[in-house]
Structure formats: C-alpha cells, structure tokens
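Peer 1: Here you go, one structure.
The values are calculated or read from the model by the stated rules, or taken from the named source; none is laboratory data. Just so it is clear, the model here is predicted, and its values are computed rather than measured. Counting neighbours? That spans all protein chains shown, and the Cβs are built from the backbone with ideal geometry, glycine included.
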C-alpha cells in the first residue's frame with residue numbers, strides 16, 4: 001500500500017546507510033558496564049544497590065520515582081564496583097551504577113514471563129519491563145498507554161520510517177524479526193483495544209516492507225487470523241519519521257500545537273518497541289539490550305550491533321574492529337538530530353539507536369555568516385515556522401517574541417540548518433530560545 005500525503009517542507013539528506021545490508025551482530029563479554037539512572041523523559045531512578053553487591057541479569061538496580069519514570073535493570077551479572085555521580089550525555093549529573101561482569105550472564109530468579117490477562121496488567125507489565133520509546137525520544141511507553149479519558153486511540157501507528165541518515169537498526173529488525181514485530185503489534189491492539197494498525201515505512205526500504213507483508217500473509221494463511229494491520233510505504237523525505245509528520249502522512253490527522261498523539265486519537269510506537277513487547281511477554285527479560293548502528297567516517301567496519309545497556313562506547317568500538325583514524329566528533333543518534341558527546345568514554349543508554357564517529361575534517365564546523373534572507377529555512381520547515389526570525393529572537397532573548405512565533409512547536413529536526421547557505425546555527429539557537437521560554441514560564445509559575 002502506498003500513501004504519499006506529504007507534510008510541508010522537508011529535505012533529502014544523503015542516506016549514508018553503509019550498514020544497511022549488515023546483519024545484526026550480538027556483542028557480549030564486556031568487562032564492565034556503566035548504567036546511568038536516567039535514560040528516559042522524566043525523573044531519574046534511585047539506585048537500590050551498593051558497591052560490593054552481587055547482581056544478576058534483569059535484576060532491578062534503579063527504582064523509579066514517580067509515575068513518569070521506568071525501572072532500570074542490570075544488563076550483566078557480576079559485582080557492583082561503584083555508584084557515583086557522572087555527567088550524562090544530556091549534560092546533567094546523574095547517578096551511574098558500574099558493574100564488573102563475571103562473564104556468566106546469570107539471569108535473576110525473578111525473571112519470568114508476566115501474567116497478562118487484561119489492559120491494566122498489560123500496562124503494568126510494560127512499566128515493569130523498563131520499556132521506553134526506542135525511536136530515540138525515550139518517553140516511557142507505559143505512559144503512552146494511559147491517555148486522558150475520551151482520547152483513547154483508535155489507530156496504532158508503527159514507526160518504521162527510519163529517515164535519519166546512517167541508522168539502519170529498524171530496517172534490520174524488519175528483516176530479521178518480522179514475526180516478533182507483527183506479534184507485538186497484535187498484542188498492543190488486543191490489550192489496548194485498538195481496532196487497526198498502520199506500519200509506516202519509507203519507499204526506499206522495499207525489502208523490509210515486502211518481508212512484513214509476507215509475515216502478515218503467513219498469519220492469515222496459517223493461523224487463520226485477519227489482523228487489521230497494513231504496511232504503508234511513504235515518500236522518502238526527512239523528517240518522515242518524526243511523530244507529527246508520520247501521523248499526518250498515515251492518517252491525515254494533525255497533532256495540535258503543544259499536543260500529543262492521543263490528542264489525534266493515535267498511539268505511536270517504534271518498530272523496535274513492539275518487537276520488544278513481543279519478546280518480553282514470552283521470556284520476561286526486561287529492557288537490558290539495545291540495537292545500535294555503529295557508523296561514520298572513522299569507523300573501520302560499520303555495522304548493526306546488539307549490545308548490553310551500559311556498555312562503554314570505546315569497548316564497543318574495539319570489539320567491532322576499531323577506528324581507522326582519530327575521532328573528531330562522536331554523535332549519539334543520527335546525523336540530523338543526534339547529540340554530540342563531549343567525550344568518547346560514554347555508555348549506551350535505552351534510547352540510543354546509533355553511534356556515529358566522524359574524522360576531524362567532517363567534524364569541522366563552518367563559520368557563521370550573515371543571513372542573506374533567502375527563506376530556504378522557511379520553505380523547508382515541516383512545522384511552518386520561521387527559523388531565521390526565531391534565531392534572531394533567541395539571540396536577543398526576546399521571550400515574548402519567541403512565544404508569539406511558537407518556538408515550542410519546533411521539533412529540532414535540523415532541516416533549517418541543513419539548507420542554510422550562511423551556515424547559521426539555527427537549531428542550536430532555537431533550542432536555547434526554547435530553554436529561555438521554559439525558564440520564564442517556571443519563574444512566572446513560582447511567582448504566582
């Protein structure tokens with residue numbers, strides 16, 4: 001099924017899917033893992049282990065605080081070496097539990113398939129698993145399953161677009177685990193009482209779409225089931241995989257400004273998320289591994305890897321074949337929306353789908369020049385904003401102007417910066433503007 005409803009703007013960055021055809025390789029036997037207590041949107045977890053404690057695979061080491069948090073589990077068995085504060089990839093200090101692996105991968109005695117008989121038990125099981133959105137945002141999945149009354153979803157949207165350059169983990173999941181993906185979708189539809197599902201995938205990934213369609217055909221022929229699930233091939237256009245763009249392209253519905261998918265009566269889950277749900281309901285193992293794409297000009301052997309959460313990036317690079325030259329920049333995530341790390345010695349977290357490592361030449365940042373008023377940023381903005389105006393207001397800390405021009409609607413996709421001939425740091429500036437508005441709102445609320 002093809003659907004070419006398109007959102008405004010968008011760009012066509014070079015794909016650079018160098019790991020596209022590389023099967024997923026499982027890497028284990030890391031000597032140590034360092035697991036941060038904040039790997040989701042929401043408050044950090046509280047460490048419940050101490051140095052010297054013995055831990056096993058799947059054991060809770062971080063207890064969630066508040067409804068928005070998700071528990072964190074040990075990804076290896078061994079001994080807790082330390083619990084200390086470190087600066088996380090997001091720039092804030094968090095508790096980090098360092099575990100020295102014993103190499104035995106002993107599974108904790110509490111690990112068993114959850115008992116799920118109804119919606120409430122299903123949502124509780126999802127929270128107990130520690131699942132957060134695996135598309136990159138890290139929003140706790142159990143919270144998506146608790147929409148306000150009257151906003152219950154009637155469409156399940158599965159994000160398999162993977163429009164970011166370099167990243168190919170979702171593509172490999174569709175090829176390697178189509179049975180688990182379809183089963184996970186059916187489980188969500190069953191327990192959340194959602195009548196139909198749409199799998200959105202860009203039309204440059206025909207093999208993945210064909211394999212998913214074949215799996216649906218097998219279910220219809222062998223299991224005599226007729227799940228209302230459709231694979232929809234979408235126009236290849238960045239940022240097709242962004243939540244608002246994907247929902248509009250698949251359903252024609254618009255998520256309102258400042259709203260969430262449930263405001264359009266839609267639930268959006270990443271293809272990796274539903275695959276994990278299928279596995280978890282069968283084996284009870286919580287979210288302790290992450291599939292990532294390792295790529296970039298410095299990487300000797302690009303590939304797709306399954307690694308334990310908390311594995312150190314240098315250890316992963318060494319296990320995967322090392323670097324061909326000195327690293328100039330390391331990104332956690334894709335080249336358009338990824339976060340630049342201040343050091344190579346960081347750990348893999350739940351919502352990390354790629355590590356990109358560039359040489360010094362590619363990492364060089366061109367100097368800014370004056371805006372030439374070409375309006376390319378305006379024409380390419382998928383949210384119909386005026387990036388150059390927001391840029392000026394952010395630099396001048398014009399809080400009211402930023403509000404008037406809807407700075408909080410920016411999804412930070414990077415299209416404006418990508419096309420700017422003056423090399424303006426538009427996304428960085430707008431991100432600062434959003435922070436200024438957020439801080440101003442907090443001060444206003446405190447003053448009342």
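Peer 1: Any residue at all in segment 213-227 that's outside any helix (DSSP H, G or I) and in contact with a strand residue (DSSP E or B) (Cβ under 9 Å, 6 or more places away or on another chain)?
Peer 2: Within segment 213-227, one or more residues are outside any helix (DSSP H, G or I) and in contact with a strand residue (DSSP E or B) (Cβ under 9 Å, 6 or more places away or on another chain).
Peer 1: Moving to a separate point now. Condition first: farther than 23 Å from residue 305 by Cα and under 18 Å from the mean Cα position of the chain (by Cα). Now tell me which residues in segment 142-179 satisfy that. Break it down into steps so the answer makes sense when it comes.
Peer 2: Restricting attention to segment 142-179, the residues satisfying the condition of being farther than 23 Å from residue 305 by Cα are 142-157.
Within segment 142-179, 142, 143, 144, 145, 156, 157 meet the criteria.
Peer 1: Given the condition crowded, with 19+ Cβ neighbours inside 10 Å and assigned to a loop (DSSP other than H, G, I, E, B), answer yes or no: does some residue in segment 262-283 qualify?
Peer 2: No; the residues of segment 262-283 include none that is crowded, with 19+ Cβ neighbours inside 10 Å and assigned to a loop (DSSP other than H, G, I, E, B).
Peer 1: Sticking with this one: Which members of segment 35-53 meet the condition of being modelled with pLDDT under 95 and either at positive phi or in contact with a helix residue (DSSP H, G or I) (Cβ under 7 Å, 6 or more places away or on another chain) (or both)?
Peer 2: 42
Peer 1: Continuing with this model, one more query. Exactly one of these conditions fails for residue 306: (1) in contact (Cβ under 8 Å) with a residue 60 or more places away in the chain; (2) part of a helix (DSSP H, G or I); (3) within 22 Å of the chain's Cα centre (by Cα). Give me its number.
Peer 2: (2)
Peer 1: Also, quick follow-up: Scan segment 169-186 and give yes if some residue there is at pLDDT 95 or above, over 13 Å from residue 275 (Cβ atoms) and assigned by TED's automatic domain parsing to the domain that holds residue 270, otherwise no.
Peer 2: Narrowing segment 169-186 to residues at pLDDT 95 or above: 169-186.
This time we only want the ones that are over 13 Å from residue 275 (Cβ atoms), so: none.
Within segment 169-186, not a single residue is at pLDDT 95 or above, over 13 Å from residue 275 (Cβ atoms) and assigned by TED's automatic domain parsing to the domain that holds residue 270.
Rundown of residues vs (1) in contact with a strand residue (DSSP E or B) (Cβ under 6 Å, 6 or more places away or on another chain); (2) over 14 Å from residue 354 (Cα atoms), yes/no style:
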{"residue": "137", "(1), (2)": "no, no"}
{"residue": "163", "(1), (2)": "yes, no"}
{"residue": "170", "(1), (2)": "no, no"}
{"residue": "181", "(1), (2)": "no, yes"}
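Peer 1: Here are some residues: 392, 351. Which one is out of contact with any helix residue (DSSP H, G or I) (no Cβ under 7 Å at 6 or more places or on another chain) and not in a loop (DSSP other than H, G, I, E, B)?
Peer 2: Numbers: 351 fails: not in a loop (DSSP other than H, G, I, E, B).
Only one candidate passes the filter, namely 392.
Peer 1: In segment 283-303, how many residues are out of contact with any helix residue (DSSP H, G or I) (no Cβ under 7 Å at 6 or more places or on another chain) and free of Cβ contacts under 8 Å to residues at least 60 places away in the same chain?
Peer 2: Within segment 283-303, residues that are out of contact with any helix residue (DSSP H, G or I) (no Cβ under 7 Å at 6 or more places or on another chain) and free of Cβ contacts under 8 Å to residues at least 60 places away in the same chain number 2.
Peer 1: Might you check whether a residue that is modelled with pLDDT of 95 or more and either assigned to a strand (DSSP E or B) or over 24 Å from residue 7 (Cβ atoms) (or both) occurs anywhere in segment 414-422?
Peer 2: Initially, segment 414-422 is screened for residues modelled with pLDDT of 95 or more, giving 414-422.
From what's left, either assigned to a strand (DSSP E or B) or over 24 Å from residue 7 (Cβ atoms) (or both): 422.
Yes, because at least one residue in segment 414-422 is modelled with pLDDT of 95 or more and either assigned to a strand (DSSP E or B) or over 24 Å from residue 7 (Cβ atoms) (or both).
Peer 1: If you don't mind, another one. Quick one: which of 389, 330 is without any contact (Cβ under 8 Å) to a residue 40 or more places away in the chain and crowded, with 22+ Cβ neighbours inside 10 Å?
Peer 2: Values: 389 fails: crowded, with 22+ Cβ neighbours inside 10 Å.
Result of the check over 389, 330: 330.
Peer 1: Somewhere in segment 221-231, is a residue modelled with pLDDT of 95 or more, touching a helix residue (DSSP H, G or I) at 6+ places or on another chain (Cβ under 7 Å) and under 22 Å from residue 193 (Cα atoms)?
Peer 2: Among the residues of segment 221-231, at least one is modelled with pLDDT of 95 or more, touching a helix residue (DSSP H, G or I) at 6+ places or on another chain (Cβ under 7 Å) and under 22 Å from residue 193 (Cα atoms), which makes the answer yes.
Peer 1: Identify, from the list 24, 32, 79, 106, the residue that is touching a helix residue (DSSP H, G or I) at 6+ places or on another chain (Cβ under 6 Å) and modelled with pLDDT of 95 or more.
Peer 2: On the way: 32 fails: touching a helix residue (DSSP H, G or I) at 6+ places or on another chain (Cβ under 6 Å); 79 fails: touching a helix residue (DSSP H, G or I) at 6+ places or on another chain (Cβ under 6 Å); 106 fails: touching a helix residue (DSSP H, G or I) at 6+ places or on another chain (Cβ under 6 Å).
So the residue among 24, 32, 79, 106 that is touching a helix residue (DSSP H, G or I) at 6+ places or on another chain (Cβ under 6 Å) and modelled with pLDDT of 95 or more is 24.
Peer 1: Looking at 287, 294, which one is buried (at least 24 other Cβ atoms within 10 Å of the Cβ), in a loop (DSSP other than H, G, I, E, B) and modelled with pLDDT of 95 or more?
Peer 2: Details: 294 fails: in a loop (DSSP other than H, G, I, E, B).
287 is the lone residue from the list that is buried (at least 24 other Cβ atoms within 10 Å of the Cβ), in a loop (DSSP other than H, G, I, E, B) and modelled with pLDDT of 95 or more.
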